[in-house]
1. Figure the gain on full extension for T97 and K116 (residue separation times 0.36 nm, minus the Cα-Cα span) and round it to one decimal in nm.
2. So what's the angle, to the nearest 10 degrees on a 0 to 90 scale, between helix 127-139 and the longest Cα principal axis of the chain?
3. Taking only DSSP H segments of four or more residues, each worth -39500 (n - 2.57), what value at 222 nm results for the chain once the sum is divided by all its residues, to the nearest 500 deg cm²/dmol?
4. Among (i) 1.53; (ii) 0.94; (iii) 1.01, which is the computed Cα Rg over 2.2 N^0.38 Å?
5. Please tell me the relative contact order of the chain in percent, rounded to the nearest whole number, where contacts are Cα pairs under 8 Å and at least six residues apart.
6. In the chain, what percent of the accessible surface is made up of carbon and sulfur (1.4 Å probe, ligands and nucleic acids excluded)?
7. How do the peptides 45-57, 113-125 rank, highest first, by the average count of neighbouring beta carbon atoms within 10 Å per residue?
8. Excluding same-chain residues fewer than 8 positions from K39, which aspartates and glutamates have a Cα within less than 13 Å of its Cα?
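The values are calculated or read from the model by the stated rules, or taken from the named source; none is laboratory data. Values in this document were obtained by computation on a predicted structure and should not be read as measured data. Cβ placement follows ideal geometry from the backbone for every residue including glycine, while neighbour counts extend to all protein chains displayed. The protein model used for the area step is the full one, side chains on, heavy atoms only, and it has no ligands, DNA or RNA in it. Shrake-Rupley method; radii C 1.70, N 1.55, O 1.52, S 1.80 Å.
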Amino acid sequence: MKKEYDTRVSSGCIIFNPHTRDEVLVIWNANKDKPALPKGKIESNESAQEAAIREVLEETGYSVEILNATPVTVTGLRQRKEPYLMITTQFFLAKLTNTTPIAKEDKSIISVEWMKVDRALQELAFPEEIEALSNMLLVRGGLL
């Protein structure tokens, strides 16, 4: 029996703490018990980069600037029953442009924090986010 898949493309940012460089910005969603990277659905009227910038602002209150034009792209399943949801997420390396967040729009996000990269690699909610963070660690060298 062939599995049926719905697909979605989303976009987000990986943001390292500019002061320590060994911490990454994560969000805590009210209905999840693990942290995640800021990301979300790309709207029909925006590019992947525009969506990533918008999602970070909505979920964290921080404005960012994209540092790499080519994203790290990962794919993962989100639902355990049919139809399965296959989400492809494009993560961009970004830096903060404001150091004090404004009020975030997404009320389902209960906390935003800097997390040690080593801990994030163990605790992120989705395996594809761990893969994206691992890959971004290789990319970020000269970009920060």
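1. On the way: separation 19, 0.36 × 19 = 6.84 nm, distance 2.07 nm.
The T97-K116 span can extend by a further 4.8 nm.
2. With both axes taken from Cα atoms, the answer is about 40 degrees.
3. Working: 3 runs with 33 residues, N = 144.
Theoretical 222 nm ellipticity from helices: -7000 deg cm²/dmol.
4. Entry (iii).
5. Values: 305 pairs, mean separation 47.3, N = 144.
33 percent.
6. Values: 3950 of 7910 Å².
Of the solvent-accessible surface of the chain, carbon and sulfur hold 50 percent.
7. Working: 45-57: 18.7, 113-125: 15.6.
Descending mean neighbour count gives 45-57, 113-125.
8. Within reach: E50, E55, E58, E59, D106, E128, E129.
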